[in-house]
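Chemist: Shown below is the structure under consideration.
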Amino acid sequence: MVWRTLPLWVGIVGALAVLGLVLVSELRLQGNATTAPPSKVEGDHILTGFRLSTLRDGEREWEISAARARLFERDHQALLDTVHGTVRMDDGSTVEFEGEAALFDTVSGDLSITGERGGAVVKLPSGYVLRTDRLDWVQSRGELVSDDKVVLNGPRLAIQGVGVRIRPATQELTILNGVRADVS
């Protein structure tokens, strides 16, 4: 009699194992984010509490987080809402950036941060704060660029202009046109 019920017990144990694997994989997938049902307008996947970071030599090189990420697999893009991030420089200092929204290209690594009325913000380790409406990270050139009006405020100095190019590797910052400086 025991041998007749063996296939039943094997089936029950197998079903429980599959159920456990599905639950574990769902928990791993969610991590710090939760998923919502996709729609064509909203993206293939929607994640809340999105966080992405890279490591170099065992230390966090950069990190970006967003309240919500809408992923479009075919276009290799992620639309991010309420964005905040940090980048570790070679000297160990960090640069912070934030914006209302961002478009991240998952293939090229390019990132475009936007925020109305100077809402794309970069906080430099020196205490200076750069504000513009749009700021683009061009991964292939290692540059932050903008063609919009920019304002750079720091200790006893305010600089305004149109367009900016920032090269973090060499710590160069160039305001391209219409530069006006106010020293206090």
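The values are calculated or read from the model by the stated rules, or taken from the named source; none is laboratory data. If you're wondering where the values come from, they're calculated on a predicted model, not measured in any experiment. The protein model used for the area step is the full one, side chains on, heavy atoms only, and it has no ligands, DNA or RNA in it. Shrake-Rupley method; radii C 1.70, N 1.55, O 1.52, S 1.80 Å.
Chemist: Probe 1.4 Å, all protein chains in place: accessible area of SER112 in Å², nearest 10?
Modeler: Near enough 20 Å² of accessible area.
Chemist: Indicate the gyration tensor shape class of region 64-184 (rounded, prolate or oblate), computed on the Cα atoms with a ≥ b ≥ c the square roots of the eigenvalues: a/c under 1.5 is rounded; otherwise a/b larger than b/c is prolate and the rest oblate.
Modeler: Details: a/c = 1.85, a/b = 1.66, b/c = 1.12.
Prolate, because a/c is 1.5 or more and a/b exceeds b/c.
Chemist: With no solvent and one point on each alpha carbon, what is the Debye value of log10 I(q)/I(0) for region 54-97 at q = 0.13, 0.19, 0.25, 0.27 Å⁻¹?
Modeler: After summing over all Cα pairs, the log10 values are -0.38, -0.69, -0.87, -0.91.
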